[in-house]
Amino acid sequence: MWSRIIAHADMDAFFASVEMRDDPRLSRVPLIIGHPGPRSVVCTANYLARKFHVHSAMPMTTALRLCPQAVVIPPRMERYLQVSHQIMQIFSEFTACIEPLSCDEAFLDLSDAIGLFPGPRLLGQAIKRKVFQETGLTVSVGMGNTKLVAKLASDHQKPDGLTIVPPSEAVDFIAPLPIQRLWGAGPKTAAKLESLGIRQIGDLTRRSPTYLSKIFGQSGFQFYAFAHNCDPREVITEREAKSIGVERTLWSDIEGYPAVFEALLPLCEELHQRLQRAHAQAGGLRIKLKTSHFQLHSRQMALPVNPKNPEEYSKLTSILLKEFLFDEPIRLIGLAAYDLNLEHHPRQLPLPHSESWILQ
Ligand code: TTP
Ligand code: MG
């Protein structure tokens, strides 16, 4: 029985796919998106380049050693954010309950939309078709009754995948997946779980919750619950969120103010866009930096005036960033707006306005 229908939708090779759509000649070559400099990292690569084991966040020098014939294009963030906005609009034609996780992925609670479709597969197909028709891009969709299983399912048959995991099959679906894929298991925790012989998610079901909690505290109970696909987390829309944040794990650690500031610039644009979409104004701005030793540092400041554009966010970011010490390399960066002030805006209708495309 489907208690809820949650989808996770994630665009395929997003930045690269937009470039290939805009210039189809790029579809025939291995394509890397990133700045060409020696200290730069790969933002993403098309699936042709991935055959050479090139992947996101890999140092550009390594990527070009693996695939010297690749074409390298610098990212055009503004363009990707335009498309991102378009995709989120399409999702909103299916449900008002959308939780964007980054510019190219979102959770959708489709429990109400299902009434119009004879089953989750046709609903998933309709979302994929609509995205392709309107943007010329493919999206991979995973569907299940929890966020946990939906996210794991969207990755299952990438690119252009559609994976439906009925609730009765969820525990078996997630059991063989490597423990690193479990939500909440960061690299340190995953290494510890592996050292205990817990290499796949299913291995957790063969341990007792008491045993796991003795080692991992509260998280131990949570891991046990997740392995049984017990995940009560709701899809939280941007309008319901207490804060809106964007973050990125960097492949190679970066050091010093200038490098961290540069890495935060695309996040300023993305944060601005997400706030606009939520019709929210930021009462405060927070920067989060995680060091190579997994120490989390954050600094925040109240904003007397709402920033109006990405440039104003970058200016504020440059000021707030001066509060950090930079005595250790950084592996993760994040930027969040808190104390949100929601402008009055009518809620979007949860259902499609026209039935024509549903029946195609
Ligand atoms: P992802 O969804 O992680 O990757 P992707 O869409 O390129 O490929 P996949 O088919 O596996 O989903 O990230 C979305 C975009 O975010 C990606 O196109 C580029 C950008 N990005 C970075 O700039 N740096 C990174 O380290 C990652 C992971 C993504
Ligand atoms: Mg993606």
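The values are calculated or read from the model by the stated rules, or taken from the named source; none is laboratory data. Source: prediction; values computed, not measured. With ideal geometry, Cβ positions are generated from the backbone for all residues, glycine too; neighbour counts draw on all protein chains shown.
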(request) Considering only region 37-61, state which residues are at pLDDT 95 or above and over 18 Å from the mean Cα position of the chain (by Cα). (result) TYR47, LEU48, ALA49, ARG50, LYS51, PHE52, HIS53, VAL54
(request) Only helices (runs of 4 or more DSSP H) wholly contained in region 32-96 count here; list those with 2 or more residues that are more than 16 Å from ligand 2 (Cβ to nearest atom) and of a type outside the set (Phe, Trp, Tyr). (result) 60-66, 77-92
(message) For region 1-58, give me each residue that is polar (S, T, N, Q) and more than 8 Å from ligand 1 (Cβ to nearest atom).
(response) SER3, SER27, SER40, ASN46
(request) Check whether at least one residue in region 81-95 is without any contact (Cβ under 8 Å) to a residue 60 or more places away in the chain, surrounded by 19 or more Cβ atoms within 10 Å (Cβ to Cβ) and either within 30 Å of SER168 (Cα to Cα) or not acidic (Asp, Glu) (or both), and report yes or no. (result) no
(request) Would you mind finding the one in THR291, THR237 that is more than 16 Å from ligand 2 (Cβ to nearest atom), surrounded by 14 or more Cβ atoms within 10 Å (Cβ to Cβ), more than 27 Å from ILE98 (Cβ to Cβ) and polar (S, T, N, Q)? (result) THR291
(request) Run PHE173 past the list (1) touching a residue at least 24 places away in the same chain (Cβ under 8 Å); (2) crowded, with 17+ Cβ neighbours inside 10 Å; (3) touching a Lys or Arg at 6+ places or on another chain (Cβ under 9 Å) and report the number of the one that doesn't hold. (result) (3)
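Looking at region 188-229, which of its residues are among the aromatic types (Phe, Trp, Tyr) and surrounded by 18 or more Cβ atoms within 10 Å (Cβ to Cβ)? Working first, answer last.
Restricting attention to region 188-229, the residues satisfying the condition of being among the aromatic types (Phe, Trp, Tyr) are 211, 216, 221, 223-224, 226.
Once the filter is applied, which keeps residues that are among the aromatic types (Phe, Trp, Tyr) and surrounded by 18 or more Cβ atoms within 10 Å (Cβ to Cβ), region 188-229 yields PHE216, PHE223, TYR224, PHE226.
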(request) Within region 121-144, work out how many residues are crowded, with 20+ Cβ neighbours inside 10 Å and in a helix (DSSP H, G or I). (result) 6
(message) Regarding region 97-120, can at least one residue be identified that is part of a loop (DSSP other than H, G, I, E, B), within 19 Å of the chain's Cα centre (by Cα), modelled with pLDDT under 95 and not aromatic (Phe, Trp, Tyr)?
(response) yes
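Going by the structure shown, is LYS151 in contact (Cβ under 8 Å) with a residue 40 or more places away in the chain, closer than 20 Å to ALA96 by Cα, within 16 Å of ligand 1 (Cβ to nearest atom) and assigned by TED's automatic domain parsing to the domain that holds GLU105? If you could, list the steps in order and put the result at the bottom.
Numbers: in contact (Cβ under 8 Å) with a residue 40 or more places away in the chain: yes; closer than 20 Å to ALA96 by Cα: yes; within 16 Å of ligand 1 (Cβ to nearest atom): yes; assigned by TED's automatic domain parsing to the domain that holds GLU105: yes.
For LYS151, the condition - in contact (Cβ under 8 Å) with a residue 40 or more places away in the chain, closer than 20 Å to ALA96 by Cα, within 16 Å of ligand 1 (Cβ to nearest atom) and assigned by TED's automatic domain parsing to the domain that holds GLU105 - is met.
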